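Okay, structure first, notes after.
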Amino acid sequence: MVAMFLGWRSLLLFLVVVAIVIVIVIRSRPRKPATPAAPAAPPQQVPLYTMVTMPDGSQQTMPVANSMVAPGVGQDAPNGGFATLGFFFPVVGLILFLVWKDQTPLKARSAGKGALIGVIVDAVVVVVYIILMVVLVNSLNSSY
């Protein structure tokens, strides 16, 4: 009887995880524009700049030699992959959130949301499991 219950519990947990991953993936997809957009021009290369401290103590921005970065590289955007990672490994999601919250807040929020949802789902599953085990044990004891 217990083996059958554990099988149902695993199946239920799997279905919940699949449903949450599907929702996260669907929501993280970029929305298609209603009207067709004009063909995009090839990405322009922009120089990469760095802050340099001059001998007099002032700071100036100077281009880095032979360093070109395509536009959009390094920009912040929500990411379903980090949300999924945070869901399955909440500690990793929390660490990513704490590390990225200042540099890339949207990616950090995705990882943090995944971790929070993962912890909530784990807590709900544990509470339901405990309730069902108490009911199962009481039903076994009352049959004697």
Exactly one of A108, A123 is of a type in the set (A, V, I, L, M, F, W, C), at pLDDT 90 or above and more than 22 Å from L13 (Cβ to Cβ), and that one is A108
Scanning segment 90-144 residue by residue, those within 30 Å of Q75 (Cα to Cα) and small (G, A, S) turn out to be G93, A108, S110, A111, G112, G114, A115, G118
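The values are calculated or read from the model by the stated rules, or taken from the named source; none is laboratory data. Since the structure is predicted, the reported quantities are computational estimates derived from the model, not experimental observations. Backbone-built Cβ (ideal geometry, glycine too); neighbour counts: all protein chains shown.
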